[in-house]
Amino acid sequence: MASVIDGIKGHDHEALSLEQLIQLRNFKIRTRIADEQYLRSHKEVELLLSGFFREMLLKRPMDIQEFAAEYFTDPTLPEKIEAKLIEKQKQ
């Protein structure tokens with residue numbers, strides 16, 4: 001039986017050629033670098049996620065999906081994030 005990590009059929013170590021494995025590795029590296037650059041240039045993402053996790057851990061809701069839906073659809077959330085960005089820039 002395949003594990004969740006392996007997927008439905010498991011790993012097929014011979015499915016990709018050496019060239020394809022090299023291309024895949026390079027793609028993963030480029031993607032990771034691009035993601036890192038994006039996150040560094042968008043501080044609001046860090047504030048958004050850290051705020052969500054902080055509130056979740058403080059309130060410990062029974063239904064995390066419902067809590068997340070309410071948190072991320074809060075109409076005042078953009079203003080809260082903007083205020084935190086300004087506060088962080090002053091530091």
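What are the aspartates and glutamates whose alpha-carbon lies under 17 Å from the alpha-carbon of K28, with same-chain residues fewer than 8 places away excluded?
E19, E36
Only one of the listed values, (i) 1.81; (ii) 1.34; (iii) 1.16, was derived from the coordinates as Rg/Rh (Cα atoms, Kirkwood Rh); which label is it?
(iii)
Read-outs: derived from the displayed coordinates by stated rules, not from any lab. Since we're looking at a predicted model, the values are computed, not measured.
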